[in-house]
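Below you'll find the structure, written out as structure tokens, and then a few comments.
The values are calculated or read from the model by the stated rules, or taken from the named source; none is laboratory data. Fair warning: this is a prediction, and the values are worked out from it, not measured in the lab. Cβ placement follows ideal geometry from the backbone for every residue including glycine, while neighbour counts extend to all protein chains displayed.
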Amino acid sequence: MSAEAPSLELKPKLAPKTKLRLDPKTNKYILLYPEKGLLLNPTGAAILKHCDGEQTLAVIIAALAVEFQGDAEVLRPEVLSFVQGLIDRGLLQAAP
Amino acid sequence: MSTEDRLYTLIAELTYLCPLRCAYCSNPTNLAAHPDRLSTADWLRVFAQAAELGALQLNLSGGEPLLRRDLEELVAGASALDFYSNLITSGLPLERERLVRLKDAGLSSVQVSIQDSQPAESDRIAGRNSFAQKLEVARWVKELDLPLTLNVVLHRQNLDRIAEIVALAERLNVDRLELANTQYLAWALENRSALLPSQAQLDAAREIAKAAKERLKGKIEVLFVLPDYYSDRPKACMSGWGKRYLLVTPDGLALPCHLAHSLPGLQFDNVQERSLDEIWRHSAAFAAFRGEAWMPEPCKSCDRRAIDFGGCRCQAFHLTGDAAATDPACGLSPKHGLISEARAAAQHPALIPLGLRYREMRR
């Protein structure tokens, strides 16, 4: 995982090679891409559902804070590191 | 079957027919004994049964899947089941309009193979004129906004051009570059001495692939699959026998891997006779190498037995004559000499014949 953190102004979007769907066997969301899949925890799934290329990370974090009734300050590092990890793997694209 | 055994990927080998004759083809050498026997309805039923079992990924493979005239229908069926469908193709024979139709039918992604970065070499390995068409197909895939994987099987005769291959992948703007060293089974085993690279070639290629992976991070996913002949520990073949994958052959056999039907003494069921669910859960052949009960020493007490599952059953059989032996690719195998001798022979390029035996529909 990269040390750099993405800017809060970034508008992440799922890469075209991915497909986000519910896995009926585990009832968890899974991010599919060629030959592989990434099983997501509820936070990861919630983050990716917001990654539509329209919302900035700042907006996404604020929305997640409401959804999970959590503190945006606490959520921020977790979201940023998750998003950067997926950008590095080419699973998320980052419109500036 | 343990609760950990969960089908994720169905590999549909729609036909063993192929316009190419690659000398390392992973289809069985007796491929003529497995003609296309499944109808469109059969395949669609198999897809539905696989989805029911939990499969999320569908590889449409072969042979050359484009030779199935009902491919559009099969893709549409897969799409209706919400599969991530990956077309694994040589790119022949294909016209742009058909690719548009496949996309419209819901195809998720396309994997195109080339055999080398140099047109003449690529055509020589493929056994026919095909390189120009392959690049054309790769461009169409990108123009149509479909995700593109470029697959190149690596061996002694193209490994030194890995930097050129990476550059070509960049020019084509691929999403994924699969640099897969040859698995020495089936046709590749027959051509092993002409294909197995030297340690020096492999070390140089690995460094270039590593640098490319880092440099292209976030743009192109670069995969470099080390040949097990040089890794000292075996591959976790298919992530374990009957654990994550199920493959259906053109004539309807349900297998745990591409070559399981080459193993003696195993009775594989046909999808025309039993449901995938029954086969996955109850077939004796799927049970044969699941778990650890079948394992010999040194696997049985090895701390890596849950990591590599004793390696590849087909490699064990085709090299040692015993499908239940430790994969000889493992440095701990009593038969590891079979691997180290082949490796030793690969270090003296002057002594190596480069002639290839091409895939053919014999017998």
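Just a few scattered comments:
- For residue A:88: the one exception among (1) within 14 Å of chain B (Cβ to nearest Cβ); (2) buried (at least 17 other Cβ atoms within 10 Å of the Cβ); (3) not basic (Lys, Arg): (2)
- Residues considered: B:351, B:332, B:319. Of these, the only one that is farther than 17 Å from residue B:234 by Cβ and either acidic (Asp, Glu) or without any contact (Cβ under 8 Å) to a residue 60 or more places away in the chain (or both) is B:351.
- Residues located in segment B:197-218, provided they are closer than 20 Å to residue B:184 by Cβ and either among the acidic types (Asp, Glu) or part of a helix (DSSP H, G or I) (or both): B:199, B:200, B:201, B:202, B:203, B:205, B:206, B:209
- Qualifying positions in segment B:34-88 - free of Cβ contacts under 8 Å to residues at least 60 places away in the same chain, part of a loop (DSSP other than H, G, I, E, B), small (Gly, Ala, Ser) and closer than 22 Å to residue A:26 by Cα: B:54
- Options B:17, B:71, B:87, B:92; residue that is under 25 Å from residue B:318 (Cβ atoms) and crowded, with 17+ Cβ neighbours inside 10 Å: B:17
- Of the residues making up segment B:299-330, those that are small (Gly, Ala, Ser), surrounded by 13 or more Cβ atoms within 10 Å (Cβ to Cβ) and either part of a loop (DSSP other than H, G, I, E, B) or modelled with pLDDT under 95 (or both) are B:310, B:311, B:323, B:324, B:325, B:329.
- Test for residue B:120: is it more than 12 Å from chain A (Cβ to nearest Cβ), more than 20 Å from residue B:176 (Cα to Cα) and of a type in the set (Gly, Ala, Ser): yes
- Filter pass, residue B:309 being more than 19 Å from residue B:11 (Cβ to Cβ) and aromatic (Phe, Trp, Tyr): no
- Residue that is modelled with the lowest pLDDT, among those in segment A:24-67 that are part of a loop (DSSP other than H, G, I, E, B), surrounded by 14 or more Cβ atoms within 10 Å (Cβ to Cβ) and within 14 Å of chain B (Cβ to nearest Cβ): A:35
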